[in-house]
Amino acid sequence: MLALKRWNTPTIYNGWEQVTDHDIARECFNLEPVRDFMPQMGPMVGRAITVVFEPSNPKHRENASAWSEYYAYVASVPGPKIAVVQDLDKPVMKGAFWGEVNSNIHKSLGCIGTIVDGAIRDVDEMNNAGFKALARGMCVGHAYSTPVRWGVSVEVFGVEVEPGRLIHADKHGFLVIPPEDEVGLLEAAEFMDRNECNTLIPSGRSATGKTIPQLLETIKQAGMRSGQAIKEQFGRRGEW
């Protein structure tokens with residue numbers, strides 16, 4: 001996971017599209033806008049733990065053991081972990097699951113951050129705790145925030161996330177990696193980055209002294225070399 005963390009999420013996506021049989025335009029990544037509130041922390045990589053909450057509904061507080069049972073679930077899963085939270089009140093943000101207290105507790109239980117399809121609060125304090133958050137927005141209160149279900153499949157930002165899934169996330173969004181795509185993912189991402197550095201990026205930085213037709217031809221040839229390298233490596237076509 002540390003090696004995956006060295007790359008941003010778009011680079012990991014570039015590798016993933018070469019090893020997956022999933023639809024690279026519709027599956028496994030956020031289909032709705034999401035905001036990284038701690039972009040300075042860089043990417044986060046971990047296994048998903050999942051929880052559903054409904055901050056508008058006071059009846060959930062009748063389960064007096066909900067929090068202790070949920071924390072026991074969190075503690076039982078090996079880290080590093082990313083807490084993926086579905087807010088049943090979406091699109092309204094009536095209360096936050098996350099703030100200073102919950103982020104510090106989850107950090108102590110091996111979580112490195114969260115993806116929540118709802119609100120967070122105490123953003124400065126969450127930063128101080130070193131707990132990364134991708135969310136839809138902020139709000140002032142927690143309302144009746146209580147875990148309702150956990151360790152279940154959840155839907156956040158238009159994508160389904162199952163417990164245990166490997167997630168790569170940063171300021172661009174997040175990628176939920178299917179188990180069958182984990183093998184070879186890092187190598188594919190590294191190859192795609194090297195390929196860009198050897199072909200397309202230099203072509204875009206070599207404009208000095210060239211006419212427009214010459215520059216366009218340079219870019220065209222670089223794209224052909226890039227595509228050929230990808231075809232030889234993966235048997236597929238690349239972005240160009």
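The values are calculated or read from the model by the stated rules, or taken from the named source; none is laboratory data. Just so we're clear, the structure is a prediction, and the values are computed from it rather than from any experiment. A quick note on method: Cβ atoms are made from the backbone with ideal geometry, for glycine too, and the neighbour counts reach across all protein chains shown.
Out of the residues in the range 1-38 that are of a type in the set (Ser, Thr, Tyr) and part of a helix (DSSP H, G or I), state the one that is surrounded by the most Cβ atoms within 10 Å (Cβ to Cβ). Among those residues, the one meeting the criterion is Thr9. Among the residues of this structure, Leu186 does not count as one that is at pLDDT below 95, hydrophobic (A, V, I, L, M, F, W, C) and in a helix (DSSP H, G or I). The set of residues in the range 90-111 that are aliphatic (A, V, I, L, M), assigned to a loop (DSSP other than H, G, I, E, B) and either at positive phi or out of contact with any Asp or Glu (no Cβ under 8 Å at 6 or more places or on another chain) (or both) comprises Val92, Leu109.
Yes or no, residue by residue, for (1) outside the structural domain of Ile24 (by TED's automatic domain parsing); (2) crowded, with 16+ Cβ neighbours inside 10 Å; (3) assigned to a helix (DSSP H, G or I):
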site	(1), (2), (3)
Phe191	yes, yes, yes
Thr208	yes, no, no
Glu217	yes, no, yes
Ala222	yes, yes, yes
Gly227	yes, yes, yes
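Looking across the range 229-240, the residues that are out of contact with any Phe, Trp or Tyr (no Cβ under 7 Å at 6 or more places or on another chain), of a type outside the set (Gly, Ala, Ser) and assigned to a helix (DSSP H, G or I) come down to Ile230, Lys231, Glu232, Phe234.
If we keep just the residues of the range 192-209 that are of a type outside the set (S, T, N, Q) and in contact with a helix residue (DSSP H, G or I) (Cβ under 6 Å, 6 or more places away or on another chain), which is farthest from Gly164 (Cα to Cα)?
Among residues in the range 192-209 that are of a type outside the set (S, T, N, Q) and in contact with a helix residue (DSSP H, G or I) (Cβ under 6 Å, 6 or more places away or on another chain), the one farthest from Gly164 (Cα to Cα) is Ala207.
In the range 77-96 there is no residue matching the filter, namely being among the polar types (S, T, N, Q), surrounded by 15 or more Cβ atoms within 10 Å (Cβ to Cβ) and closer than 22 Å to Gly130 by Cβ.
Listed here are the strands (runs of 3 or more DSSP E) enclosed by the range 112-183 that have at least 1 residues being under 21 Å from Pro55 (Cα atoms) and in contact (Cβ under 8 Å) with a residue 60 or more places away in the chain: 132-138, 147-150, 154-156, 159-161.
For the range 117-132, what are the residues that are of a type in the set (A, V, I, L, M), surrounded by fewer than 24 Cβ atoms within 10 Å (Cβ to Cβ) and out of contact with any helix residue (DSSP H, G or I) (no Cβ under 6 Å at 6 or more places or on another chain)? Passing the criteria: only Val123.
In the set (1) surrounded by fewer than 17 Cβ atoms within 10 Å (Cβ to Cβ); (2) in a helix (DSSP H, G or I), Glu196 fails one condition alone, (1). Of the residues Asp87, Asp36, which is touching an Asp or Glu at 6+ places or on another chain (Cβ under 8 Å) and closer than 15 Å to Thr146 by Cβ? Step by step, each of Asp87, Asp36 is checked, and only Asp87 is touching an Asp or Glu at 6+ places or on another chain (Cβ under 8 Å) and closer than 15 Å to Thr146 by Cβ.
Would the range 63-73 turn up any residue that is among the charged types (D, E, K, R), over 15 Å from Tyr144 (Cβ atoms) and surrounded by fewer than 17 Cβ atoms within 10 Å (Cβ to Cβ)?
Filtering the range 63-73 down to residues among the charged types (D, E, K, R) leaves 69.
If we keep only those that are over 15 Å from Tyr144 (Cβ atoms) as well, we get 69.
From the residues that got through so far, the ones that are surrounded by fewer than 17 Cβ atoms within 10 Å (Cβ to Cβ) too are 69.
Checking the range 63-73: at least one residue is among the charged types (D, E, K, R), over 15 Å from Tyr144 (Cβ atoms) and surrounded by fewer than 17 Cβ atoms within 10 Å (Cβ to Cβ).
So for the range 26-40 (the condition being farther than 15 Å from Cys111 by Cβ and touching a Cys at 6+ places or on another chain (Cβ under 9 Å)), does at least one residue qualify? No.
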